[in-house]
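Worksheet for the structure shown next.
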Amino acid sequence: MAWQLGLVPALVAAGYTVATFDNRGVEPSSSPPAPYSIDVMTADTLALLDHLGWDQPVRIAGHSMGGWIAETMALDHPDRVRAAALMGSANAPTAWEIAITTVERDLARLDYDLPPLFYATQTLRYLPIADIQNTELVSTWLSFMGDLPVWPNPGRLGQYEAALAWSTDPIRTTRWPEMSVPCLVLAFEHDVDSPPEYARMASQAIPGCQYREIAGSGHIGIITHPDEVARHLIEFFEGA
């Protein structure tokens, strides 16, 4: 939804043909049994490109876990990638990231439906701290999120297992210097999951990488600041 509402129209207006999709485990895509992995979801992406007949290198943009998939595409399949934009995703793991993902995985393993408010409250971490202290905004946010259906297992379990495996992989961050395609690391000022200082370090390890940052935004900057995100993507892709 975030892509379709905020980013796709701007990219199409700039002359690009855009394909978006939901990863396995996220409706309306299928939810095969766990385990999942970023490599498996990268293979899903390649299969989609083949299905579309897009055999020439493409410009790829991914946010959060999608950024991990874009990063893997650029590293392991550079012949299929013309340029890669990694948004809210390129960082060495933090203790917070590993801890919260472990909790999410363990809750998913219980296969127990917690109150919708629990899942809605979890998403508050994606907002800047100033927004979390705004009672009216938080009330509106929780009301909106609480009305959404809970992400069902086994998709949720597979996603969290894949995320935890990625976050605890000691090798992946050492591969950044191998990147051979043009890359953009786009960070968000108040991102607790991919802090800007960590994203900046990642960009410095990727040869020729551009770094840009969205001020005043949390992790879900593609939703809260779509115009700025689209502008950075278009400027980057035009030069790639």
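Structure summary
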item	result
Pairs where the first residue, in segment 161-190, is under 27 Å from His232 (Cβ atoms) and acidic (Asp, Glu) and the second is in a helix (DSSP H, G or I) and modelled with pLDDT of 95 or more, C-beta under 8 Å, 6+ apart	Glu178/Leu75; Glu189/Pro196
Single residue of segment 7-49 satisfying the filter (β-branched (Val, Ile, Thr) and in a helix (DSSP H, G or I)) that is nearest to Met73 (Cα to Cα)	Thr42
Qualifying residue in segment 19-32 (condition: within 25 Å of Ala92 (Cβ to Cβ), in contact with a helix residue (DSSP H, G or I) (Cβ under 8 Å, 6 or more places away or on another chain) and open to solvent by 50 Å² or more (accessible area, probe 1.4 Å))	no
Among (1) open to solvent by less than 70 Å² (accessible area, probe 1.4 Å); (2) closer than 20 Å to Leu164 by Cα, the one test that Leu127 misses	(2)
Residue pairs meeting the criteria (Cβ under 8 Å; at least 6 apart or on separate chains; first among the polar types (S, T, N, Q), in segment 94-108; second open to solvent by less than 60 Å² (accessible area, probe 1.4 Å) and in a helix (DSSP H, G or I))	Thr101/Tyr160; Thr101/Ala163; Thr101/Leu164; Thr101/Ser167; Thr102/Leu164
Some residue of segment 172-189 being in a helix (DSSP H, G or I), among the small types (Gly, Ala, Ser) and surrounded by fewer than 19 Cβ atoms within 10 Å (Cβ to Cβ)	no
Number of the exception - Leu157 against (1) part of a helix (DSSP H, G or I); (2) under 23 Å from Tyr198 (Cα atoms); (3) touching a residue at least 60 places away in the same chain (Cβ under 8 Å)	(2)
Residue pairs meeting the criteria (Cβ under 6 Å; at least 6 apart or on separate chains; first of a type in the set (Gly, Ala, Ser), in segment 112-123; second open to solvent by less than 70 Å² (accessible area, probe 1.4 Å))	Ala120/Leu142; Ala120/Met145; Ala120/Gly146
Exclusive hit being at pLDDT below 95, aliphatic (A, V, I, L, M) and farther than 22 Å from Ile100 by Cβ, set Ala240, Ala215, Ala230, Ala205	Ala240
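Residue by residue, here is whether (1) within 30 Å of Ala202 (Cα to Cα); (2) out of contact with any strand residue (DSSP E or B) (no Cβ under 7 Å at 6 or more places or on another chain); (3) surrounded by 15 or more Cβ atoms within 10 Å (Cβ to Cβ) holds:
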{"residue": "Ala74", "(1), (2), (3)": "yes, no, yes"}
{"residue": "Val81", "(1), (2), (3)": "yes, no, yes"}
{"residue": "Ala85", "(1), (2), (3)": "yes, no, yes"}
{"residue": "Pro115", "(1), (2), (3)": "no, yes, no"}
{"residue": "Phe118", "(1), (2), (3)": "no, yes, no"}
{"residue": "Pro149", "(1), (2), (3)": "no, yes, no"}
{"residue": "Ser167", "(1), (2), (3)": "yes, yes, yes"}
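The values are calculated or read from the model by the stated rules, or taken from the named source; none is laboratory data. Bear in mind the structure is a predicted one, so any value in this text is a computation, not a measurement. Every residue, glycine as well, gets a Cβ built from its backbone with ideal geometry; the counts of neighbours run over all protein chains shown. Accessible surface is based on the protein model in full, side chains and every heavy atom, while ligands, DNA and RNA are left aside. Shrake-Rupley method; radii C 1.70, N 1.55, O 1.52, S 1.80 Å.
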